[in-house]
Amino acid sequence: MTDSSDIHRLTGAYATDAVDDLERARFEQHLETCVDCRAEVAELREAAARLAETTATPAPDSLRASVLTGISQVRPLPPVVPPGARHAVPSEGHDDDVALPPAARPSAVRRWTPLLVAAVLALVGGIGLSSWQPWADDDPSRISAAEQVLEAPDAEEVFLDLGEAGRATVVRSRAEDRAVIATEDMVPAPEGRVYQLWLQDPEDGSMIPAGLMEDDPDQTVLLEGSAAEAVAVGITVEPDGGSEEPTTEPIAVFDLTEAT
Amino acid sequence: VDHLRPVPDGEPIGSPSGGSRSDAEALADLLARSGRGDEAAFGAFYDATSSRAYGLALRVVRNPAHAEEVAQEAYLDAWRSSSRYDARLGSAAGWLLTIVHRKVVDRVRSVEASTRRDENWQQHTRPVDHDETAEAVEASLDAQRVRGAVATLTDVQREAVELAYFGGYTHTEVATMLHVPVGTAKTRIRDGLIRLRDSLGVGS
């Protein structure tokens, strides 16, 4: 991510949906910590919505009928339970230890992490439970499995800036039991090599193959395999066709225990 | 003044998003009741907002059948998540239109992307020809007020905001279309919306 003043200026584009999926994910991560941007987005969305006054057009009668028929078959969702009600409140006076369950960090993650996080400008954070979409789109029929993860109410994410190598965001939904990686400006894998994805097992820290990435700088890939309990997602450079276990040090590790 | 026409049945005088505080509160109340399963309340919410929701979808997607589909999906989403509307974040109408907009943008970017991109975008950004739209577009007092606010934007701001909001293009695409750096398009969209916000007195 570039300088912070730059991301603040995305409020208008975000409020008008003039962002792609990865920008949206990154900006929502920023919103998590930026009160000013949250307030500005709310106001600019409201202002943008007023533009719809100028295009108001009587809706066909059939729309009213189909809406009213439709809602009679759908139960409204329960209200959102405040996040505080779901998690134990961290004890006072331990701000350094921001509510990370200590047991959730196997040492294997620690072995991998320093390599990367030191080498790379790492911006790790999480969206957690909140959603900056004002609604809950949970009609699974319309959207792909990857979108289902990206839009899951419990989606949590980790963003990594890989410097010259590009940027990538991993989004995981425990409810969907899947994870998705979205890359931006990712450099191609070396000739004869391929980027392979891994999910790290919570029990023994082993790396489970989760699929290969295409040679495409901007892609959204649904990882293979169960992701609900995984503690990390890794990317390694492997010989074409991939490997059964990592043969090189990872170029990126997304610590999912940091994602909530 | 020649734009002014009677508001048709079903659209309350003085739009809830733009109009008086009590209108806005009435709409928020209808949503709250909808969240508790009150279908009649949602019907009233629909009647008060459908012209704007459908008109927005139609403006972006252009095909009436597709606009109807998108609007229907948006209303079903709104019904389903009505208990999650948070009045502190904006008006109920604004909340609905945010849902509609996101849906219609998703639609044009996926299903219709290929065909729509083939068209010359300039066709869609020229000033709206009054004769062509006067019959279809309701002109309410609120619309006049919004048009007045839009007129306070600079030409480049208006162009960028309209391409983003009505065109459904990303700010990066807007930058390419306008032959300006990405940061410039982003800034124009934001500055234009800020001016619109201030001119309309939204959120203050």
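Remarks
- From the options B:83, B:91, residue that is facing chain A (nearest Cβ under 7 Å) and surrounded by fewer than 24 Cβ atoms within 10 Å (Cβ to Cβ): B:83
- Restricting the stretch A:25-71 to residues that are within 22 Å of residue B:65 (Cα to Cα) and surrounded by fewer than 17 Cβ atoms within 10 Å (Cβ to Cβ) leaves a set whose member that is nearest to the chain's Cα centre (by Cα) is A:70.
- Residue among A:253, A:237, A:233 that is at pLDDT 90 or above and among the β-branched types (Val, Ile, Thr): A:233
- Of residues in the stretch A:132-190 being of a type in the set (Phe, Trp, Tyr) and modelled with pLDDT under 80, the one farthest from residue A:17 (Cα to Cα): A:135
- Any strands (runs of 3 or more DSSP E) falling wholly within the stretch A:148-203 and containing at least 3 residues that are under 11 Å from the mean Cα position of the chain (by Cα): A:156-161, A:167-173, A:178-184
- Sole residue being closer than 20 Å to residue A:147 by Cβ and either modelled with pLDDT of 85 or more or not in a loop (DSSP other than H, G, I, E, B) (or both), chosen from A:224, A:245: A:224
- Just one of the listed residues (B:40, B:28, B:53, B:44) is assigned to a helix (DSSP H, G or I), among the aliphatic types (A, V, I, L, M) and crowded, with 24+ Cβ neighbours inside 10 Å, namely B:53.
- Complete set of residues in the stretch B:170-191 that are within 7 Å of chain A (Cβ to nearest Cβ) and in contact with a Ser or Thr (Cβ under 9 Å, 6 or more places away or on another chain): B:171, B:186, B:189, B:190
The values are calculated or read from the model by the stated rules, or taken from the named source; none is laboratory data. Quantities reported herein were computed from a predicted structural model and do not represent experimental measurements. Here the Cβ is made from the backbone with ideal geometry for all residues, glycine too, and neighbour counts use every protein chain on show.
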